[in-house]
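No lab work stands behind these numbers, since they all come straight from the coordinates. Just so you know, these numbers come straight off a predicted model, no measurement behind them. Here Cβ is always computed from backbone atoms with ideal geometry, including for glycine, and neighbour counts include all displayed protein chains.
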Amino acid sequence: MALVYPRKIDLALTPTPLQFLERATRRWGGEHRLWVKRDDLTGCTLSGNKVRKLEFIAAHAIDNGYDTLITCGGLQSNHCRATAFVGAQLGLQVHLLLRGDPPNVREGNLLLDHLAGARISCYPKAQYVKELADLFTRWQAHYQEQGLRALAVPTGGSDGLGVWGYIAASQELGGQMSAAGIASAHIVTATGSGGTQAGLTLGAALHQLPATVWGINVCDDEQYFMDKVASDAQDWRHRFPDAPKVAVNPRVIDGYVGKGYAVADAPVFTLIAELARMEGLVLDPVYTGKAFAGMLAEIEKGRFAGVRDIVFVHTGGIFGVFPQAAGFDAVG
Ligand SMILES: Cc1ncc(COP(=O)(O)O)c(C=O)c1O
């Protein structure tokens, strides 16, 4: 059965480059060559991995008569910021349900959310965790009373629709890998709500990439992401029953969350600064910095032994650097 993509709206600047990291390879690669898939370059305010998912989600919203997007995340959510700008670009209202008390100073992604004109509702963490599903339902009902139609977009845009973004990205990457002479590879990504990993895992199978996909979790644990990737894939199969049947074997590398979600240790800040100077590549302390640190530690341990090439998917997150500027004080 041929793979038929649903409609998407072109929002991301793709294809993003696949770049060889020459100095990082010398410094940390050992037997491996290190590559980076520059999905931090999918755009400016629409940068990072979320845009790829939102291309399909926004098309679905418009094709089904929705005029409003409601989504959720942390105060510094990259997904919420990207959704806010997708809405602004397409003339859709956006309402963000954010986890945490509103800070005195708007910065990073939260500042951009405001600039994009998103409506913002902040909820204390305990309430957010307990009531999130209800909050979506209540706000959808609220918009309905006003004669509007609001689509509930899940955390990170990660579901059976959003995964198309990284199914498409896998196809793009597969072509770039063969052009670069990569015969087999490990593909490594940060995983936070699971959709990028699920899309890459499905995409690698659908497009027969000679690659193993790994998610390095930045919150929760291995079991959570095994289940989440499986359930996103299941949702995808359910929504798109005519798509080819492929087996999904999620692979999660746990152990690099550190003290908790969005809390990075000094070595992560040091690594971010080192890579910025070495390769001109900016990681963030919430997602890509931890995942890159985890990838380097796993290279040391020999997890990827026997396969020459490792492709790190840079999923963006640059605006997350600014609210954590103090973390770089000790780096100099
Ligand atoms: C910069 C960045 N990288 C990686 C991720 C993880 O992607 P996903 O939510 O699809 O697991 C996210 C969002 O959670 C992100 O904002």
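Numbers at a glance
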{"quantity": "Residues of segment 162-191 that turn out to be crowded, with 24+ Cβ neighbours inside 10 Å and assigned to a loop (DSSP other than H, G, I, E, B), as a count", "calculated": "2"}
{"quantity": "Yes/no for ALA276 being surrounded by fewer than 18 Cβ atoms within 10 Å (Cβ to Cβ), among the aliphatic types (A, V, I, L, M) and within 16 Å of the ligand (Cβ to nearest atom)", "calculated": "yes"}
{"quantity": "Criterion (of a type in the set (Asp, Glu), in a helix (DSSP H, G or I) and more than 16 Å from the ligand (Cβ to nearest atom)) met by exactly one of ASP134, ASP101, ASP113", "calculated": "ASP134"}
{"quantity": "Filter pass, ALA82 being within 13 Å of the ligand (Cβ to nearest atom), within 22 Å of TRP164 (Cβ to Cβ) and not polar (S, T, N, Q)", "calculated": "yes"}
{"quantity": "Residue, farthest from the ligand (Cβ to nearest atom), within segment 192-208, restricted to residues that are more than 24 Å from GLY317 (Cβ to Cβ) and outside any helix (DSSP H, G or I)", "calculated": "GLN208"}
{"quantity": "Pairs with Cβ under 6 Å, 6+ apart, first in segment 213-230 and assigned to a strand (DSSP E or B), second basic (Lys, Arg)", "calculated": "TRP214/ARG251"}
{"quantity": "Which listed residue, of PRO241, PRO267, is free of Cβ contacts under 8 Å to residues at least 12 places away in the same chain and over 16 Å from TYR166 (Cβ atoms)", "calculated": "PRO241"}
